[in-house]
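Asks: One structure coming up, written as structure tokens, with questions to follow.
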Amino acid sequence: MTAVFNQAGRFYFSDCDMTSNGVISEENFLQNGEVDIENDEVNGNIGEDEMVSSIDSPSKEIRIVRKAKRFHRQNSGEGQPGNGVLPNIKQNNNKSVILGLKNSRKSRDGLGRGLAKKGGAGGKGTWGAPGDELFEDGSCRDAKDPNYDSDSQDEYVVDSVEPEMTQEEFMKVVEPVLLEYFEHGDTFEVEQTLRDHVGVKEKRAKVLELAVNLALDRKATQREMTSVLISDLYGKFLLQKDISLGFDDMLNNLADLTIDAPDAPQIMGQFIARAVADDCLAPKFISSYKGKVECPHKQSALDKAELLLSRKHGIVRLDNIWGTGGGIRPVKFLIKQMVLLLKELLSSGDIPEATRCLQDLEVPHFHHELVYEATVMILEDSTERAAHRMCDLLKSLAQSVIITPEQMAQGFRRVFDSMPDICLDVPNAYSLLDRFVTMCHREKVVSSDVFQELPQRGRKRFVSEGDGGRIKPQVLS
């Protein structure tokens, strides 16, 4: 009997019992659908011994016509049938003997590649990874779960949680707000800004501590603004316990603050006394420390506060504990101080000293008054020496941007508008003003736009100025 494979991969038989229509008879089939070769039966998985014996036998011959090789799944395991590796072939008498299935594309043993599927948790409809049942609490929140029972489920409780702010984030948020407050002085804006930031409410005592620490390195004006800020925030953003806690922390760290600011104990005592006078801090705050203080700096601050509060009319006097400075002082006082420093400049010519005196006034929004007073003083003095010294002062202030271009322009425009009244005292004021403004424009103190606005006096004389405007009568000869 000869078993011949055709190009389609199927084999046919010769010299075997078939029916008339080319079908093998029933007696040649076994129960598993195999055909024994030696007894006119063919098996799809022919054993090696049987195939070799069949080939060696002269009476039986197997001729195999193989299809083209196809490789699949090159990364699959080795040695599995149908995994892309060529089946093991034995050469005998220049003929190939197939030891496995030829064109099988997947494993038939159910083992696969031996890798876990989805990390061992299974796929859709599975029970999950081993050990997941240990974390089950018996409740089901998913309405699509078969075990879900709407009657046995409690209502969801949602709590709002504010994230805790770190020290670096706190400094990054609050410090610019306080520094900006020292410029504009608007306590309402500070309150709204602090409320808008999440996490600042939990560190309200730190806000007071940071504000006082910033005021220690500054002048009396900023300290007064800090006391006003504490008073305005009390009851709106700061509570009394927050203020007490803030001063407690500062008193505990006062030894370290004294290293950078030697007068920190005295200033701290003034802040505490001012807070008590503004009803932001209870008077018992000071008495609660009696007999419990070991640090000398801390004791010095408490003694200073107690001394200020124990004076006669001490509560009233504490309203001006930092003095009057900046824009709080009267306008007449500021004008008087500016005139004095200008007169001192004309006599000494010390520009750095005049600059220092101007900065000590702490009124950058009122610097246009200095420009106005300096120009009027030049017109009244009418000397070349005074004009050069004033021009040098204004040039120095403009280059260091102590006086801004807007303040400089505003001061000169005020002089231009006041020229009709100035001419009553200085008849040649227009010519003197023209000479001084031209000098300032040459030194780039005055902009070209302001220079173009320089007023020019022009009028026609019909009668003598001493006639009071009357027309002289004609004299007949």
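Asks: Give me the percent of accessible area attributable to carbon and sulfur for the range 331-453, probe 1.4 angstrom.
Replies: Carbon with sulfur: 52 percent of the solvent-accessible area.
Asks: Right, something else. Per residue, how much accessible area does the range 335-389 have with a 1.4 Å probe, in Å²?
Replies: For the range 335-389, the solvent-accessible area averages 47 Å² per residue.
Asks: Sticking with this one: May I ask you to order 363-369, 196-202 by the average number of other C-beta atoms within 10 Å around their residues, highest value first?
Replies: Final packing ranking: 363-369, 196-202.
Asks: Kindly give Rg over Rh for the range 276-369, based on alpha-carbon atoms, with the Kirkwood expression for the hydrodynamic radius. Walk me through the numbers on the way to the answer.
Replies: Working: Rg = 20.4 Å, Rh = 16.9 Å.
In the range 276-369, Rg relative to Rh is 1.21.
Asks: Could I ask something else about it? How large is the charge dipole for the range 167-317, taken about the Cα centre, if only the Cβ atoms of Lys, Arg (+1) and Asp, Glu (-1) carry charge, to the nearest 20 debye? Walk me through the numbers before you get to the answer.
Replies: Details: 20 positive and 25 negative charges, 158 e Å.
So the magnitude is around 760 debye.
Asks: Please grab the % of Cα pairs in the range 331-453 that end up more than 25 Å from each other. Intermediate results must be reported in sequence, preceding the final value.
Replies: Working: 1125 of 7503 pairs.
Every Cα pair in the range 331-453 considered, those over 25 Å come to 15 percent.
Asks: Explain nothing, just compute: Karplus ³J(HN,Hα) = 6.51 cos²θ - 1.76 cosθ + 1.60, θ = phi - 60°, for every residue of the range 181-188 in order, whole Hz, x for Gly and Pro.
Replies: 5, 5, 8, 9, x, 9, 6, 5
Asks: On average, how much accessible surface per residue is there in the range 167-317, in Å², for a 1.4 Å probe, leaving out ligands, DNA and RNA?
Replies: Solvent-accessible surface per residue comes out at 51 Å².
Asks: Checking the table K332/K395; K304/K343; K241/K290 against a 31 Å threshold on Cα-Cα, which pairs fail?
Replies: Numbers: K332/K395 26 Å; K304/K343 40 Å; K241/K290 19 Å.
Check vs 31 Å cut-off fails for K304/K343.
Asks: Students often check this: by mean Cβ neighbours within 10 Å, which of 373-382, 338-347, 290-299 ranks highest, and how do the rest follow?
Replies: Most protected by this proxy first, the peptides run 373-382, 338-347, 290-299.
Asks: In the range 167-317, carbon and sulfur make up what percent of the accessible area (probe 1.4 Å)?
Replies: 50 percent
Asks: What is the gain in length, in nm to one decimal, between D260 and L245 on full extension, counting 0.36 nm per residue of separation less the C-alpha to C-alpha distance?
Replies: Details: separation 15, 0.36 × 15 = 5.40 nm, distance 2.26 nm.
That works out to 3.1 nm of additional length.
The values are calculated or read from the model by the stated rules, or taken from the named source; none is laboratory data. Keep in mind the model is a prediction, meaning the values are calculated, not measured. So basically every Cβ, Gly included, is an ideal-geometry build from the backbone, and we count neighbours across all protein chains shown. Accessible surface is based on the protein model in full, side chains and every heavy atom, while ligands, DNA and RNA are left aside. Shrake-Rupley method; radii C 1.70, N 1.55, O 1.52, S 1.80 Å.
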